[in-house]
1. Within the stretch 130-140, identify whether any single residue is touching a residue at least 24 places away in the same chain (Cβ under 8 Å), charged (D, E, K, R) and open to solvent by 50 Å² or more (accessible area, probe 1.4 Å), and answer yes or no.
2. Residues of the stretch 94-135 being polar (S, T, N, Q), assigned to a helix (DSSP H, G or I) and under 12 Å from LEU22 (Cα atoms), which ones?
3. Working carefully through the options LEU7, LEU57, find the one that is hydrophobic (A, V, I, L, M, F, W, C), in contact with a helix residue (DSSP H, G or I) (Cβ under 6 Å, 6 or more places away or on another chain) and over 23 Å from ARG108 (Cα atoms).
4. Within the stretch 7-37, take every residue that is among the aliphatic types (A, V, I, L, M) and modelled with pLDDT of 90 or more and give me the one that is most open to solvent (accessible area, probe 1.4 Å).
5. So which helices (runs of 4 or more DSSP H) are wholly in the stretch 142-226 and hold at least 3 residues that are surrounded by fewer than 17 Cβ atoms within 10 Å (Cβ to Cβ)?
Amino acid sequence: MTEEKALELRPTDPVPGETPLLPEVVRAYPFSWGDGFAWPPETEESDRSLGYARAVLEACLPQEPPAGPEPPGERGNAFEDEYGGWPEWSAVRRVLRGRISYASEVTRASMERAEAECAALGLDTTAFTERWVLRIKGWIAEETLYWCGLMVDDEQALAPWLPELAERYARRGFAAREAVVALLCTKALPESQDALLRLRDCPTLDEETRERVAYWYEKEYEGPRG
C-alpha cells in the first residue's frame, strides 16, 4: 500500500523584480507542469489538502466563460488536427512548459519572454498573456477536480463545496469535462446528483460531456430499455 504524503505548498513570495500573474493561493501550487500539474495519488486526504483544493478551485474559476473553446489539459496527449498535424496551441504550450515549471513562475516577465519566443517561431501571440494565464489556471483546475473526484475516498468530506464548484465550472465552460467527471465520480452525494440533473441541458458542455450526463440520467432514472 502506498504511503500517503502530506501536502507541501511552495513559497508564494514573488520572484524578485517580477510581477506574479496568479493568485497567491495558486502560486503555492506544489505540483509541476512537467508532471502535468497532476496531484500525486498518494497525496494525503487531510483537511489541509481538501481545504487547499477548494481554495485553488475558487481562485481559478473565471468570472465569465472563455471567449471560445479551450485546449484540453495535460491528460490528453493525442490532439492531431484533421490534417494529421499538431494544432498550433500545442507548440505554444511546449514553449511555455520549457520556461515555466511551477505556477509560482507565472510572472509578467516569464510570459513576455515566452511571447517573444513564440513570435519568433511565427506562432499566434494574440492577447498572449491573458489567454495563456487563463489556460494555465484551467489546467490546474482540471487536475484539482480530477484529484477530488477520482482520488478522494471520503466523499462526504467533499460536500457541499465540490458539487457546487464543479457545477459552476461546467456552466462556465471552463474545465467543464473534468467538472462533470468529478460529479459523476461523487454521484453518491445528493448535491452531485442535483448538479447533474441541472446540467442535463447545459449549453456550455461539449457534445461528449452532455452524452455522459445523459447516459448517467438514463441509467439512474430511466433504467434499461427492453
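1. no
2. SER104, THR129
3. When all the criteria are applied, what remains is LEU7.
4. Step by step, filter the stretch 7-37, then rank; the result is LEU9.
5. 190-198, 207-217
The values are calculated or read from the model by the stated rules, or taken from the named source; none is laboratory data. Computed from a prediction, not measured in an experiment: that's the story for all the values here. Using ideal geometry, Cβ is built from the backbone for each residue, glycine included, and neighbour counts are taken over all protein chains shown. The protein model used for the area step is the full one, side chains on, heavy atoms only, and it has no ligands, DNA or RNA in it. Shrake-Rupley method; radii C 1.70, N 1.55, O 1.52, S 1.80 Å.
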